[in-house]
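Undergrad: Please read through the structure below; I'll follow up with questions.
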Amino acid sequence: MNDRRTILTETVDRLFANLAEVGAREDGGKEFDGHWQSIEAIGLPLLMIPEEAGGFGGDWEDAGVVFRALGAHGLGLPLGETVLARAWLGRIGHKAPEGVGLFAFAKEGPDESATTLNDLPWTDRADWILLLRPDRWSLLDAAGAETRERNLLSGDPRASLVFHALDPIADGPLSEGTAMFFAEAALLRACQIAGAIETMLILAIDHVRERRQFGRPLARFQAIQHQLAILAEENAAASCAAASACQSATLGEAGFEIAAAKWRASRAADIAADIAHQVHGAIGFTREYALHAFTLRARAWGRDFGNETYWARTVGRIALAERPKPLWHWLTDRSDRLLETERKRNE
Amino acid sequence: MTPNFPPIRTAPAAAGLRAELRAFFASSVKGMTPARRARSWSGWDEEFSRALGQRGWIGMTWPEELGGRGASQLERYAVVEELLAAGAPVAAHWIADRQSGALLLRYGNEALKADMLPRIAAGELYFCIGMSEPGAGSDLASLRTRATATEGGWRVNGSKIWTTHAQHCHYMIALVRTGADAGDDRHAGFSQLVIELASPGVTVRPIEDQTGDAHFCEIFLDDVFVPAEQLLGQEGEGWNQVTAELALERSGPERFLSSHVLIEQLLATLCDQPGNTLTALTGAWAAELWTLRQMSLAVAAKLESGENPMIEASIVKDLGARFEQSVPRDLQAAYDDDAWGHDDGDLRETLSYLTAASPSFSLRGGTREILRGIIARGLGLR
C-alpha cells in the first residue's frame, strides 16, 4: 500500500470510529447534518474527482479503502453514493452540484413521464439524484418527488421516490449505456460488505472469548471454533475479491472482476451474517448490541445493484461468450494483461 | 488483525511462458481422455515428467547448479496452475517438485542436494511423504515409527499409510520418532529421514481406493537402515520442519483446480444457448475460481517474501476443497438432457469420476477439521 493510501486509511478509520461513537449508526438521521459536515470537512465527497478539477483525487483502490471502512464501522451514510454520482457526472462532462447526492437506475427510456425509484437510502437527506436510464442521464431535484417510505430493515432509512413528471435540473444523452455505472455501484456495495463482514468476525471472536457457558468460554467449543473458521474464510474471500476488483477497476475495464466480486461478497454476506448471529445467541439479536448494524446492512447491500443470482448469470454470460476459448485461458490471460498494465504504470 | 490476502501486483508469468506451456500441452496432453485428465496430479506418467524436466519446468526455483533456473515462486506458480488446468498427469514428480525438493534444499547436506536435486529437476527421481500412520492420521503427533541411532546412521521400525504413489517412488521423506515418547511437549522428539524405498526391510502395499485407482499405499519398515547423512535438518526439529512444509502443501492451485477439467468439458459440450440455471452455475464457478486464484496468489507472494502463511494457506485449502466438491455435485443437480448439447460420454464419465473422487479433496493434505482448527487457533480461539 502506498503512503498516501495508508494515511487515507488511518484518517477515515479515525473519522468513522468517531461518527459511530456519536451515534451515526443508529440515530436514523437525527444528527445527519453534523455527521455530513465532518465528512465534508476532510473533502471525502470529492474523492475520485481529479485534483486539477478541485477534487480530492484518488482512484478506485483509494475509494475502495474508504467504502470498506464505512462498512467496517457499520455506517450507511450516503458517502459512496455521493462520491460515485459526482465522479460519474464529471465523466459525463457535467459539473456536479454541492451537497448530498444519490444515484438511481431505471429501465424505462426517456419518454416515460412518471418514474418510480425504489428503495433509495436517505431520500429525505439528499439534495439531488442522478438518474441513469439506458440512453439518458438526468439530474433531479430530490424535493420534486413524492416519497413512499418503506420499512425495509436495511439498517438505514429507505424510501421509494415517485416522480409524477420528470423536470430535470439538467440532462443529456448517455452514449455508452449504464452497465459500467451499475457495475461500479455494485463494487461500492462489495467493498462495504467486505468491511461489515470483517467487523462481524471481530465481534464474534470477542464475544465467544468472553461469554462462558458450561464452565468455559464459548471459544473452547469445537463447534463454535469451526463456525468461526468458516466466517473467517468468507471474510477472506469477500475481502480479497473486493480488493482485487478495485485493483482491476483502477487499471481499466473491470466488468468481469466487479461482477465476480459482487457475486462473492453478496454470497459471503448471508453466510457470515448467519454465523455471526448464531454464535452470538440472543444478545446479538437485540437493538442494544451492535451486531445488527453490520448484518442488516450487509444483507441489504448484498441485494443492492444485483444480487448473487444476477451477477452469477452476468459472469456466466461473459464466460460463455468467450467460447471456444477455454475459461482458464481467458481468465489467466486477462489477469496477466491487467497486472502488466500495473507494472508499466509503476515504471 | 484478521488473515489478509492483498492482491498481487505483478503478473506471475513472464510473457510467453503460458503460450509455451499451452503449445506443449497441445501435443502431450490434449489427446488424453477427459476422465484421465481429471486425475491430473493423481495421474502417474514418468514419460511426461521427464519431458517436463527436459524443458526446465521442474524445480525451477532452485539454483542453476542444482538443476533449477532460479525462478521466483510466482513463476513456478504459473507453470503449476497451467499444468493442473490442462489436466496434465503430473503425479510422478509432483511431491518432489512441490515440497521434498524444497526440504532438501533447506535442510539437506551438500552431497544429498548435489545428488538428488538435479535428478528431481530432470523428472527422474520421485518422492513421497511419510507422515500418516495406521494409528496417527489427523493426530500426527501420536505417530510411533521410531528411528534408533546405530553405527553410521539409523534403524527404522514401524509403518506409514496413505502414502501417495509410494509403489512407484524412489524415496520417502518420513517423519519419525527419534527422541523419548511424548511427554509434556507432544511435538518434541521427531526427526525427518530420507528413506530409500529400495532398502532391505521396506515393504510397500498399494491400497485400492473407491474409484478403482491404487494411488496410495501402506509401507512397512522392518529394521530399515538409513545412513546418518540422510537425516534432514536437526534431530528433534522434525515437527517444526513439517509445519513449515505444510504451507507449501496447502495453498497451491491444486487445492481448487481438482475439478477444473470438468468445468472446461462442460463449457465445450454445452449447447449454444444454455438456460438460466446452467448460465448462473457457470458464472458462479468462474467467479469462485477467480476469487480462489487471487487468494492463492496472495499466499504465494507471502511465501516468496519468506513468510509462513499457515493460516492463510489453510483458508485457501478449505475454501478450495468446498469449491472442488461443489462442482460435480452442482453439475449433477443441474443435469438436463436438453442443455447438454452433444455429450458422447466423456462428460458423464468425467463427472462420475470426480463425484467418486471428491470426498478425498477435503481429506488429503490435512482434513477439513484440522484446517478449521488451525484457522481457529489463528483467530485466538484455542
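The values are calculated or read from the model by the stated rules, or taken from the named source; none is laboratory data. As the structure is a prediction and not an experimental result, all values here were calculated from the model. Quick reminder, even Gly has a Cβ in these numbers, built from the backbone with ideal geometry, and neighbours come from all protein chains shown. All accessible areas refer to the heavy atoms of the entire protein, side chains included, with ligands and DNA or RNA removed. Shrake-Rupley method; radii C 1.70, N 1.55, O 1.52, S 1.80 Å.
Undergrad: Checking the condition at pLDDT below 95 and open to solvent by less than 40 Å² (accessible area, probe 1.4 Å), which residue from B:G179, B:G183 passes?
TA: Within the list B:G179, B:G183, the selection yields B:G179.
Undergrad: May I ask you to say which residue of A:A282, A:A242, A:A259 is more than 8 Å from chain B (Cβ to nearest Cβ) and in contact (Cβ under 8 Å) with a residue 40 or more places away in the chain?
TA: Criteria check complete, one pass: A:A242.
Undergrad: Looking only at segment A:239-274, count how many residues are surrounded by fewer than 21 Cβ atoms within 10 Å (Cβ to Cβ) and either polar (S, T, N, Q) or under 18 Å from A:A194 (Cα atoms) (or both).
TA: Within segment A:239-274, residues that are surrounded by fewer than 21 Cβ atoms within 10 Å (Cβ to Cβ) and either polar (S, T, N, Q) or under 18 Å from A:A194 (Cα atoms) (or both) number 4.
Undergrad: Can you find a residue that is open to solvent by 50 Å² or more (accessible area, probe 1.4 Å) and within 19 Å of the chain's Cα centre (by Cα) anywhere in segment A:73-81?
TA: no
Undergrad: Please verify whether A:R323 is more than 27 Å from the chain's Cα centre (by Cα) and either at the interface with chain B (Cβ under 7 Å from one of its Cβ atoms) or open to solvent by less than 30 Å² (accessible area, probe 1.4 Å) (or both), treating the condition exactly as stated.
TA: Yes.
Undergrad: Now for a different question. Identify, please: which residue in segment B:5-22 is farther than 16 Å from A:L339 by Cα and either more than 7 Å from chain A (Cβ to nearest Cβ) or assigned to a helix (DSSP H, G or I) (or both) and is, among those, least open to solvent (accessible area, probe 1.4 Å)?
TA: That would be B:L21.
For (1) in the same structural domain as A:G93 (by TED's automatic domain parsing); (2) at pLDDT below 95; (3) of a type in the set (D, E); (4) part of a strand (DSSP E or B), each residue gets a yes or a no:
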{"position": "A:L139", "(1), (2), (3), (4)": "yes, no, no, yes"}
{"position": "A:R148", "(1), (2), (3), (4)": "yes, yes, no, yes"}
{"position": "A:G155", "(1), (2), (3), (4)": "yes, yes, no, no"}
{"position": "A:V162", "(1), (2), (3), (4)": "yes, yes, no, yes"}
{"position": "A:P168", "(1), (2), (3), (4)": "yes, yes, no, no"}
{"position": "A:A183", "(1), (2), (3), (4)": "no, no, no, no"}
{"position": "A:A186", "(1), (2), (3), (4)": "no, no, no, no"}
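Undergrad: For the condition surrounded by fewer than 22 Cβ atoms within 10 Å (Cβ to Cβ), at the interface with chain A (Cβ under 9 Å from one of its Cβ atoms) and at pLDDT 90 or above, what is the one hit in B:E264, B:E288, B:E237?
TA: It is B:E264.
Undergrad: Oh, and also: Only one of B:G68, B:G108 is open to solvent by less than 30 Å² (accessible area, probe 1.4 Å), over 17 Å from the mean Cα position of the chain (by Cα) and more than 26 Å from B:R18 (Cβ to Cβ); which?
TA: Result of the check over B:G68, B:G108: B:G108.
Undergrad: Is it true that B:W94 is buried (at least 24 other Cβ atoms within 10 Å of the Cβ), over 30 Å from A:A236 (Cβ atoms) and not hydroxyl-bearing (S, T, Y)?
TA: Answer is no for this residue.
Undergrad: Enumerate the helices (runs of 4 or more DSSP H) found wholly within segment B:274-382, keeping only those where 2 or more residues are within 29 Å of B:W62 (Cα to Cα).
TA: Counting at least 2 such residues, we get B:276-304, B:310-333.
Undergrad: What is the one condition in (1) open to solvent by less than 50 Å² (accessible area, probe 1.4 Å); (2) among the basic types (K, R); (3) under 22 Å from A:H292 (Cα atoms) that A:R5 does not satisfy?
TA: Result: A:R5 fails condition (3) only.
Undergrad: Can I ask one more? Out of all the residues in segment B:291-310, which are among the basic types (K, R) and open to solvent by less than 10 Å² (accessible area, probe 1.4 Å)?
TA: B:R293
Undergrad: Only one residue in B:P200, B:P118 is open to solvent by less than 70 Å² (accessible area, probe 1.4 Å), of a type outside the set (A, V, I, L, M, F, W, C) and either part of a helix (DSSP H, G or I) or free of Cβ contacts under 8 Å to residues at least 40 places away in the same chain (or both), so which one is that?
TA: Answer to the check: B:P118.
Undergrad: Hey, another quick one. Answer yes or no as to whether A:T11 is surrounded by fewer than 13 Cβ atoms within 10 Å (Cβ to Cβ), without any contact (Cβ under 8 Å) to a residue 60 or more places away in the chain and of a type in the set (S, T, Y).
TA: In short, no.
Undergrad: Sticking with this one: Within segment A:133-164, how many residues turn out to be touching a Lys or Arg at 6+ places or on another chain (Cβ under 7 Å) and among the small types (G, A, S)?
TA: 4
Undergrad: In addition: Within the set of pairs 6+ apart or on separate chains, which have a first residue in segment B:138-160 that is at positive phi, a second that is hydroxyl-bearing (S, T, Y), and C-beta atoms under 8 Å apart?
TA: Partner pairs satisfying both residue conditions: B:G158/B:T145.
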